[in-house]
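I have placed the structure first, in the form of structure tokens, so that the comments after it can refer back to it.
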Amino acid sequence: MNERELIQNLMRDLPSNEQVVVGAGDDCAVVDLGLASDWVLFKIDATIEGVHFTSDAAPEAVGHKALGRCLSDVAAMAGTPSCAVIALGLPHSFDPAYVQAIYQGMRRLADRYHVALVGGETSLSPERITLTVSLIGTVSKDRCVRRTGAQPGDALFVTGELGGSILGKHLSFEPRLAQANWLRAHYDIHAMIDVSDGLATDLRHLMEASGLGAELLAKNIPVSQAARRKAKGNAGAALQAALNDGEDFELLFAVKATDCVTLKDAWAQAFPELNLRCIGKMISDPGLKLRTQDTLREWTQHGYDHFA
Ligand SMILES: [Mg+2]
């Protein structure tokens, strides 16, 4: 059974209550705990040695990633993170300095985004280090962005550059909180997701949630230097990496096509250091299509699957 099938099975008939605004199937759960103008965002992510980092990774970067993954999901809902708890699993013979350094990486990122670390638990994990971070945040009820609201004809944008994150970015990415909040404050963002499983796979999530298809323009996809390096100069392989590699932690979102020009200009003023590309559009026909020069073909490859 692959990851997608597993998640579909587990999501069936989950217990719910009247406080749930958005249950499983978006970047964060959204719950109404009676705050006047805000909903609460709720998120958990596990970061496992041998899966999300290798034993030779810098421990500060491991801590950065463990918390950063949650922050990226809060960004995808245009929310603000508040506080996190951490469950730490360690082998019997752990190195205290290594663990301190993991926490140093988490602390630094938490400080930057004014996130409190408010507790957790430690456990023996015989074979490998595991870090599980659970985080709550808030989002203004009239500003929450889901995956479901894309419309046919919407322009699709992506921040930053994609592919080849295995060469370093997966441990050093910056969660796009400032950008997501800016976007939502200035534009009617119809749907948004963070690119964690690969552009093609995360776009499919957005398409399915919105009941639409999408068409990507190959030459507009921002292929990273790392993707080119990984592909050793093969342009086709580099594009494939940009479409399928995971853990870029960039934002993918849909807006009205008529917003494109002002958005590009305003973005360049607000975030001159960060690339923003219009990579395609949402369409009524189902499926993901890739346009290269004169040809339009179905893109059927998928990104990372833990159990495939
Ligand atoms: Mg996500």
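Observations on the model:
- Those strands (runs of 3 or more DSSP E) of segment 69-178 in which at least 1 residues are within 15 Å of the ligand (Cβ to nearest atom) and surrounded by 18 or more Cβ atoms within 10 Å (Cβ to Cβ), considering only elements entirely within it, cover 80-90, 130-140, 155-159.
- Flag not set for Asn181, criterion: more than 16 Å from the chain's Cα centre (by Cα) and surrounded by fewer than 23 Cβ atoms within 10 Å (Cβ to Cβ).
- Selection within segment 6-33: residues that are assigned to a loop (DSSP other than H, G, I, E, B) and within 16 Å of the ligand (Cβ to nearest atom). The member of this set that is modelled with the lowest pLDDT is Gly25.
- Filter pass, Leu203 being open to solvent by less than 30 Å² (accessible area, probe 1.4 Å) and within 18 Å of Asp245 (Cβ to Cβ): yes
- When residues of segment 34-68 are limited to those that are in a loop (DSSP other than H, G, I, E, B) and among the aliphatic types (A, V, I, L, M), the one nearest to Asp245 (Cα to Cα): Val51
- Flag for Arg4 being open to solvent by 80 Å² or more (accessible area, probe 1.4 Å) and in contact (Cβ under 8 Å) with a residue 60 or more places away in the chain: yes
- Listed by first and then second residue, the pairs with beta-carbon distance under 8 Å, at least 6 apart or on different chains, first residue in segment 84-111 and more than 14 Å from Leu135 (Cα to Cα), second of a type in the set (Val, Ile, Thr) and open to solvent by 70 Å² or more (accessible area, probe 1.4 Å), are Leu88/Thr122; Gly89/Thr122; Leu90/Thr122.
Yes or no, residue by residue, for (1) within 13 Å of Gln151 (Cα to Cα); (2) among the β-branched types (Val, Ile, Thr); (3) in contact with a Gly (Cβ under 9 Å, 6 or more places away or on another chain); (4) touching a residue at least 40 places away in the same chain (Cβ under 8 Å):
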| position | (1), (2), (3), (4) |
| --- | --- |
| Ala241 | no, no, yes, yes |
| Glu247 | no, no, yes, yes |
| Val255 | yes, yes, no, yes |
| Thr258 | yes, yes, no, no |
| Val261 | no, yes, no, no |
| Ala268 | no, no, no, no |
| Met282 | yes, no, yes, yes |
| Asp285 | yes, no, yes, yes |
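- Test for Asp194: is it within 14 Å of the ligand (Cβ to nearest atom), open to solvent by less than 30 Å² (accessible area, probe 1.4 Å) and part of a helix (DSSP H, G or I): no
- Complete set of residues in segment 7-49 that are among the small types (Gly, Ala, Ser), touching a residue at least 12 places away in the same chain (Cβ under 8 Å) and loosely packed, with under 12 Cβ neighbours inside 10 Å: Ser37
- Residues in segment 52-68 that are closer than 14 Å to Asp111 by Cα and within 16 Å of the ligand (Cβ to nearest atom): Leu67, Gly68.
- Any hit, segment 208-226, residues being within 15 Å of the ligand (Cβ to nearest atom) and open to solvent by 10 Å² or more (accessible area, probe 1.4 Å): yes
- Residue check, Gly164 in contact with a Ser or Thr (Cβ under 9 Å, 6 or more places away or on another chain) and of a type in the set (Gly, Ala, Ser): yes
The values are calculated or read from the model by the stated rules, or taken from the named source; none is laboratory data. Not measured: the values here are computed from a predicted model. With ideal geometry, Cβ positions are generated from the backbone for all residues, glycine too; neighbour counts draw on all protein chains shown. Quick note on the areas: whole protein, heavy atoms, side chains included, nothing else; ligands and nucleic acids left out. Shrake-Rupley method; radii C 1.70, N 1.55, O 1.52, S 1.80 Å.
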